[in-house]
Amino acid sequence: MMKKRWISLLVENEVGILARIAGLFSGKSYNLNSLTVGSTEDISISRMTVEVWQLRLSGIASNMIVC
């Protein structure tokens, strides 16, 4: 049985970052079930929360470090 998992990311608040993160997932054929973006106390940082299926988690972490 597949379980839903959430990945929370802190990203630099800059133009194009959402496209870069989404591109990392789509490039590996990962399906984003849900994506939420919000501000933090530091206006230069945003928080992204991504929902994926557990079976699709392998390899995501190593690709995220690149961003």
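The values are calculated or read from the model by the stated rules, or taken from the named source; none is laboratory data. Computed from a predicted structure; not experimentally measured. Here the Cβ positions follow ideal geometry from the backbone for every residue, glycine too, while neighbour counts run over all protein chains shown.
See the values below:
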quantity: Hits in the stretch 22-49 (condition: more than 23 Å from residue 3 (Cβ to Cβ), in a strand (DSSP E or B) and touching a residue at least 24 places away in the same chain (Cβ under 8 Å)); calculated: 39, 45, 46
quantity: Leading residue by the ranking (farthest from residue 37 (Cα to Cα)) among those in the stretch 1-24 that are in contact with a helix residue (DSSP H, G or I) (Cβ under 6 Å, 6 or more places away or on another chain) and modelled with pLDDT under 85; calculated: 2
quantity: Single residue of the stretch 1-26 satisfying the filter (polar (S, T, N, Q) and under 14 Å from residue 47 (Cα atoms)) that is surrounded by the fewest Cβ atoms within 10 Å (Cβ to Cβ); calculated: 8
quantity: Residue ID - surrounded by the most Cβ atoms within 10 Å (Cβ to Cβ), chosen from residues in the stretch 37-50 that are among the β-branched types (Val, Ile, Thr) and within 9 Å of the chain's Cα centre (by Cα); calculated: 50
